[in-house]
Amino acid sequence: DAKTTQPTSMDCAEGRAANLPCNHSTISGNEYVYWYRRIHSQGPQYIIHGLKNNETNEMASLIITEDRKSSTLILPHATLRDTAVYYCIVRNALIYNQGGKLIFGQGTELSVKP
Amino acid sequence: EAQVTQNPRYLITVTGKKLTVTCSQNMNHEYMSWYRQDPGLGLRQIYYSMNVEVTDKGDVPEGYKVSRKEKRNFPLILESPSPNQTSLYFCASSEKGYVYGYTFGSGTRLTVV
């Protein structure tokens, strides 16, 4: 699976959009971009995933560049409860690949401040 | 509510005393997996199961056993726990196939003394 690079930490004001970048320059054509987050004392939470097109769900938007070498997770109106570590993961979508495991890097620690 | 339930949330035990951490999901997911999280090492996969009676080793299976007799349950068994198995454990499940996200349990913090 392709390696990802994320900033170690970011701050965001409550109510503003949080834009979390991720570089994945070695991504291959059949690899998806997944985003998860881990709020303290909880298990990782799936947020969104995409292949080529931009995606939006009730939690966030995912913007993938045309060359697919980077992406941005957008939390449109961050709240204090969005304070968490956010993980960008690139992997082959087939669940049978590598035992279906997810490889979590260090992620970005997002602090939403009042 | 769709969820993965792990029990117990916290456990302190002594070396060598067999224990089981239960994991149950109510989403009819075929795929289930166990991870452990240690500082500086991220999440590492212990075992996974593609379906009932189908299990296989992940990256760090030593000292653990699993079973998948029913679709909803995937217990993690430590036959003879040791202090190096002190960790935070997560169970996860997903629908079969691909492009689906994983649902994780809230975690079990195990301390072996």
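Here are the numbers:
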read-out	value
Shielding score for B:23-33, defined as the mean number of other chain Cβ atoms within 10 Å	1
No Cys partner within the rule (Cβ under 4.7 Å), the protein assembly as shown	A:Cys12
For q = 0.08, 0.10, 0.11, 0.16 Å⁻¹, Debye-computed log10 I/I(0) when each Cα of the protein assembly as shown counts as one equal scatterer	-0.30, -0.46, -0.56, -1.12
Separation between Cα centres of segment A:47-114 and segment B:17-57, rounded to whole Å	22 Å
Neighbour-count ranking [beta-carbon atoms within 10 angstrom, fewest first] of B:Thr108, B:Thr55	B:Thr55, B:Thr108
Amide proton proximity set for A:Arg16, modelled H, under 5 Å, gap of 5+	A:Ala78
Rounded to whole Hz, the Karplus (6.51, -1.76, 1.60) HN-Hα couplings of segment B:60-72, x for glycine and proline	10, x, 4, x, 10, 9, 9, 8, 9, 7, 10, 5, 7
Residues with amide H under 5 Å from that of B:Arg68, placed H, sequence gap 5 or more	B:Glu53
Shape call, segment B:33-100: gyration tensor on alpha carbons, a/c limit 1.5	oblate
Residue exposure sequence - B:Val21, A:Val33 - by fewest surrounding Cβ within 10 Å	B:Val21, A:Val33
Listed residue pairs exceeding 32 Å between alpha carbons, taken from A:Lys101/B:Lys17; A:Lys69/B:Lys65; A:Lys52/B:Lys65; B:Lys17/B:Lys71; A:Lys52/B:Lys69	A:Lys69/B:Lys65; A:Lys52/B:Lys65; A:Lys52/B:Lys69
Karplus 3J(HN,Hα) series, Hz, for segment B:73-78 with 6.51 cos²θ - 1.76 cosθ + 1.60 (x for Gly, Pro)	10, 8, x, 10, 10, 10
Hz values of 3J(HN,Hα) by residue in segment B:79-95 - Karplus curve (6.51, -1.76, 1.60), Gly and Pro given as x	5, 9, x, 10, x, 6, 9, 5, 5, 9, 10, 10, 9, 9, 9, 7, 5
Highest to lowest packing among B:32-45, A:65-78, scored as the average C-beta count within 10 Å	B:32-45, A:65-78
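A short reminder: the numbers here are calculations on the coordinates, not readings from a lab. Keep in mind that what you see is a predicted model, and the values were worked out from it rather than measured. Every residue, glycine among them, receives a Cβ derived from its backbone with ideal geometry; neighbour counts consider all protein chains shown.
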